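The values are calculated or read from the model by the stated rules, or taken from the named source; none is laboratory data. Worth saying up front: this structure is predicted, and the values here are computed from it rather than measured. Cβ placement follows ideal geometry from the backbone for every residue including glycine, while neighbour counts extend to all protein chains displayed. Note: accessible area is taken over every heavy atom of the protein model, side chains too, but ligands, DNA and RNA are not part of it. Shrake-Rupley method; radii C 1.70, N 1.55, O 1.52, S 1.80 Å.
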Amino acid sequence: AQSVTQLGSHVSVSEGALVLLRCNYSSSVPPYLFWYVQYPNQGLQLLLKYTSAATLVKGINGFEAEFKKSETSFHLTKPSAHMSDAAEYFCAVTVSGGYQKVTFGTGTKLQVIP
Amino acid sequence: ETGVTQSPTHLIKTRGQQVTLRCSSQSGHNTVSWYQQALGQGPQFIFQYYREEENGRGNFPPRFSGLQFPNYSSELNVNALELDDSALYLCASSLGTNQNTEAFFGQGTRLTVV
């Protein structure tokens, strides 16, 4: 079964610093991987997705993620954090089986310090 | 183009009662999925409806049931509510059931069981 593991439930960075949120996946078949962001009291918004077309995926709001098969990783990065990036971030994988079931990680809460 | 809308936004129910949550999918989307997000956790897949039929289900008991209507809107019904059912319930719609299809999430219904 496919799954994702997010390392670090809380990450704090200074405004302007690099953001790095870690995600490792487990899958017996080539996975489809996603990063979602959730602002307080909001639903989930897709940041980016990996669908095997390119290993470096660029998303919205300056975020990007690199698929590394050798490391089974799909870490999310942003060169310079903004205050507005403070939110919870979820890594996710879709599960094969004839329907679209999104399996989420446990989330990483990003705090941006002024 | 309207997004995914859920109603109500907040709800308080007593243990043992029944509840119905509603979701209007994004225009043109024929697939609706429901997720339960407990406090501090990632969303957990409940089930998915495609063209009015349930075509996938997560590890939830039968007292969680649903419907999808001809206009692709959907309901989630929970019978015999338990305290642990307190959570944010998210609805997501997509076009088709392919694994790499983007799911668009609503803002959720916050259910509190007392």
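Tabulated data for the structure shown
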{"item": "Residue-by-residue Karplus 3J(HN,Hα) for the range A:28-39, coefficients 6.51, -1.76, 1.60, Hz, glycine and proline x", "result": "8, 10, x, x, 9, 10, 9, 10, 10, 10, 10, 7"}
{"item": "Carbon + sulfur, % of accessible area of the range A:34-114 - ligands and nucleic acids excluded, 1.4 Å", "result": "52 percent"}
{"item": "Among A:Ala65, A:Thr51, A:Cys91 the positive-end extreme of the charge dipole of the range A:42-114 (Cβ point charges)", "result": "A:Thr51"}
{"item": "Carbon and sulfur %, accessible surface of the range B:75-114 computed with the full protein complex present, 1.4 Å", "result": "45 percent"}
{"item": "Sum of side-chain charges, A:Glu64 neighbourhood, beta-carbon under 9 Å (Lys, Arg +1; Asp, Glu -1)", "result": "+1"}
{"item": "Antiparallel %, DSSP beta bridges [both residues in the range B:3-114], to 5", "result": "90 percent"}
{"item": "Summed side-chain charge close to A:Ser14 - residues other than A:Ser14 whose Cβ falls under 15 Å, Lys, Arg +1, Asp, Glu -1", "result": "-1"}
{"item": "Within 10 Å of each Cβ in A:25-33, the average number of Cβ atoms from other chains", "result": "1"}
{"item": "Reach of A:Lys109 by Cα under 24 Å, taken over lysines that are not fewer than 8 positions away in the same chain", "result": "A:Lys49, A:Lys58, A:Lys68, A:Lys78, A:Lys101"}
{"item": "Interface A:B - total buried accessible surface [probe 1.4 Å, Å², rounded to 100]", "result": "2000 Å²"}
{"item": "Nearest-20 debye value, chain A charge dipole, Cβ charges on Lys, Arg, Asp, Glu", "result": "240 debye"}
{"item": "For chain A, with +1 on Lys and Arg beta carbons and -1 on Asp and Glu, the positive-most of A:Val102, A:Pro114, A:Cys23 along the dipole", "result": "A:Val102"}
{"item": "Per residue solvent-accessible surface (Å²) - the range B:9-104, probe of 1.4 Å", "result": "47 Å²"}
{"item": "Residue mean of other protein chain beta carbons inside 10 Å, B:99-110", "result": "6"}
{"item": "Net charge, A:Leu44 excluded, C-beta distance under 12 Å - Lys, Arg +1, Asp, Glu -1", "result": "-2"}
{"item": "Residues in the range A:71-114 that, when all protein chains are in place, have 50 Å² or more less accessible area than the chain alone would give (probe 1.4 Å)", "result": "A:Tyr99, A:Gln100, A:Phe104"}
{"item": "Charged-residue dipole, Cβ positions (Lys, Arg, Asp, Glu), the range B:1-61 about Cα centre, Debye nearest 20", "result": "280 debye"}
{"item": "Check: chain B dipole with +1 on Lys, Arg Cβ and -1 on Asp, Glu Cβ, in debye", "result": "240 debye"}
